[in-house]
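Structure, as C-alpha cells:
The values are calculated or read from the model by the stated rules, or taken from the named source; none is laboratory data. This is a predicted model, so every value here is computed, not measured. Glycine gets a Cβ as well: all are built from the backbone with ideal geometry, and neighbour counts include every protein chain shown. Keep in mind that these areas ignore ligands, DNA and RNA; they rest on the heavy atoms of the full protein, side chains included. Shrake-Rupley method; radii C 1.70, N 1.55, O 1.52, S 1.80 Å.
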Amino acid sequence: MEESVEISEPAGERDGLPDHERLRRIAQSTGGKFLSPKEDLLQEILGAAEKRETRYVEEKRTPLWARFPLLAVVLTLLSAEWYFRRRWGLI
C-alpha cells in the first residue's frame, strides 16, 4: 500500500506549532486522549500507567520428531504401506 502527501506551501512558510484542534479531533476519532499543557500531565500519565493491562503472547514451535507418539504413528503408517506394497507385488 502506498500513500502520498502533497504539501501546497513551501517549507519555509509553514508554521511549526502543533494544531491542537486537529490533534483533539484525531484523538477523539481514534479513541485516544488529548491533553493540553495546562492540565496535570504527570497525573494523567501515572493514572493511565496504573490502569494499563499487560498481556504476553508466547509462541512455541515443536518439531515433529520431538513428539514421540506422533512420530511413531507416522513411521508405523509408512512401514505398513511399504509392507503391503511389497506383499501385493507392487514394488
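Residues are listed down the side, and each one gets a yes or a no for (1) open to solvent by 100 Å² or more (accessible area, probe 1.4 Å); (2) assigned to a helix (DSSP H, G or I); (3) touching a residue at least 40 places away in the same chain (Cβ under 8 Å):
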| site | (1), (2), (3) |
| --- | --- |
| ARG22 | yes, yes, no |
| LYS33 | yes, no, no |
| GLU39 | no, no, no |
| ILE45 | yes, yes, no |
| TRP82 | yes, yes, no |
(Q) So, LEU17, is that one at pLDDT 85 or above and not polar (S, T, N, Q) or not? (A) no
Q: For LEU78, indicate whether it is surrounded by fewer than 11 Cβ atoms within 10 Å (Cβ to Cβ) and more than 35 Å from the chain's Cα centre (by Cα).
A: yes
Q. Taking the condition closer than 30 Å to LEU75 by Cβ, open to solvent by 100 Å² or more (accessible area, probe 1.4 Å) and modelled with pLDDT of 75 or more, does ARG55 pass?
A. no
Q) Quick one: is ILE91 closer than 30 Å to LEU17 by Cβ, open to solvent by 100 Å² or more (accessible area, probe 1.4 Å) and at pLDDT below 90? A) no
Q. What's the number of the condition ARG67 fails, among (1) surrounded by 10 or more Cβ atoms within 10 Å (Cβ to Cβ); (2) under 32 Å from the mean Cα position of the chain (by Cα); (3) under 30 Å from HIS20 (Cβ atoms)?
A. (3)
